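The values are calculated or read from the model by the stated rules, or taken from the named source; none is laboratory data. This structure is a prediction, so every number in the text was calculated from the model and none was measured. Cβ: placed from backbone, ideal geometry, glycine included. Neighbour counts: every protein chain shown. Protein only, heavy atoms only, side chains kept; ligands, DNA and RNA dropped before computing areas. Shrake-Rupley method; radii C 1.70, N 1.55, O 1.52, S 1.80 Å.
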Amino acid sequence: MVDVPTLVEQARAGGPRAVARLISLVEGASPQLREVMAALAPLAGSAYVVGLTGSPGVGKSTSTSALVSAYRKQGKRVAVLAVDPSSPFSGGALLGDRVRMSDHASDPGVYIRSMATRGHLGGLAWAAPQAIRVLDASGFDVVLVETVGVGQSEVEIASQADTSVVLLAPGMGDGIQAAKAGILEIGDVYVVNKADRDGADATARELNHMLGLGESRGPGDWRPPIVKTVAARGEGVDEVVEALEKHRAWMEERGVLGERRAARAAREVETIAVTRLRERIGSLHGDRRLDALAERIMAGGLDPYAAADELVAGLTGEN
């Protein structure tokens, strides 16, 4: 058994091993997870969570590393949660992002963690919300969450971050891909990386045009800026940080930040509740109650929906 209070205290003091252990408890769905979350609850809520997403090859890891450098210059503690594709053999993360961010490995003010998706769609790992809570409660000022290469349905980062950054690159057809993926609806800040390549200006113009199509923003509403960068050289990164801070200030002024965090907490509760129900239903295979309902369906005395209602009522104690 882990001494959770001591572990939390060590994490708050900046101990990377304690932070790593807490996240491992989350990923492993430890029996002590309830105790961990209860201990962290009063400590979380201060970190600024920034999500970075985009198609494979646009430079997400390089951009994330550049943002880490920019925030460290401001004296802020930064955590990175890099969600990697799962290994088809071990089920673990492929660790590509940690390799690219090796420049920050010796910085005590930076913590980098790779997390495997383990088949979870949406661009994030199933344990990401709790891992973000661990990093938040551990005293990091900024938590950067980098998703796997986003496809046409992997836009879950918008529901987990305070601010979502969408990265695109010239010559990759990202304008069309962004429209197909629904990315135009989730971005708070857009970054055209690799802006030293031909077509960067055209990509920015196309993106700006798409953002304007069907726009229904009113006076004072947030208009996502488009920033051009060359992250590998650090060019334009300060402008990205400036755009992020402007968005944060806008959200705080209008109460949007609190609304987003409340919605995030509600989704987290819903996910946990649904998972618990699935676990209970999964344990019913071979259970006489399920067999009895199946027999009634086969006899024509009950339809599947009514049977499901009876089953749910029995599991939840409803009358």
**Message:** Return the residues of the range 262-288 that are among the basic types (K, R) and more than 24 Å from S63 (Cβ to Cβ); say none if nothing qualifies.
**Reply:** R267, R276, R278, R280, R288
**Prompt:** Which condition number does P108 fail, the rest of (1) open to solvent by 50 Å² or more (accessible area, probe 1.4 Å); (2) at pLDDT below 90; (3) not aromatic (F, W, Y) being met?
**Reply:** (2)
**Asked** Considering the range 188-219 alone, what residues qualify as being free of Cβ contacts under 8 Å to residues at least 12 places away in the same chain, open to solvent by 40 Å² or more (accessible area, probe 1.4 Å) and in a loop (DSSP other than H, G, I, E, B)?
**Response** L213, G214, E215, S216, R217, P219
**Message:** Being free of Cβ contacts under 8 Å to residues at least 40 places away in the same chain, over 22 Å from V143 (Cα atoms) and acidic (D, E): is that true of E270 here?
**Reply:** yes
**Request:** Out of the residues in the range 30-66 that are of a type in the set (A, V, I, L, M, F, W, C) and within 17 Å of the chain's Cα centre (by Cα), state the one that is farthest from V165 (Cα to Cα).
**Result:** A44
**Request:** Could you list, in sequence order, all residues of the range 5-23 that are open to solvent by 60 Å² or more (accessible area, probe 1.4 Å) and outside any helix (DSSP H, G or I)?
**Result:** A13
**Filter pass, G300 being open to solvent by 60 Å² or more (accessible area, probe 1.4 Å), at pLDDT 85 or above and outside any helix (DSSP H, G or I)** = yes
**Complete:** Exactly one of E295, E259, E242, E252 is part of a helix (DSSP H, G or I), over 28 Å from A131 (Cα atoms), of a type in the set (D, E) and open to solvent by 50 Å² or more (accessible area, probe 1.4 Å), and that one is E295
**Request:** Count, please, the residues in the range 24-50 that happen to be open to solvent by 10 Å² or more (accessible area, probe 1.4 Å) and either assigned to a loop (DSSP other than H, G, I, E, B) or closer than 30 Å to H247 by Cα (or both).
**Result:** 12
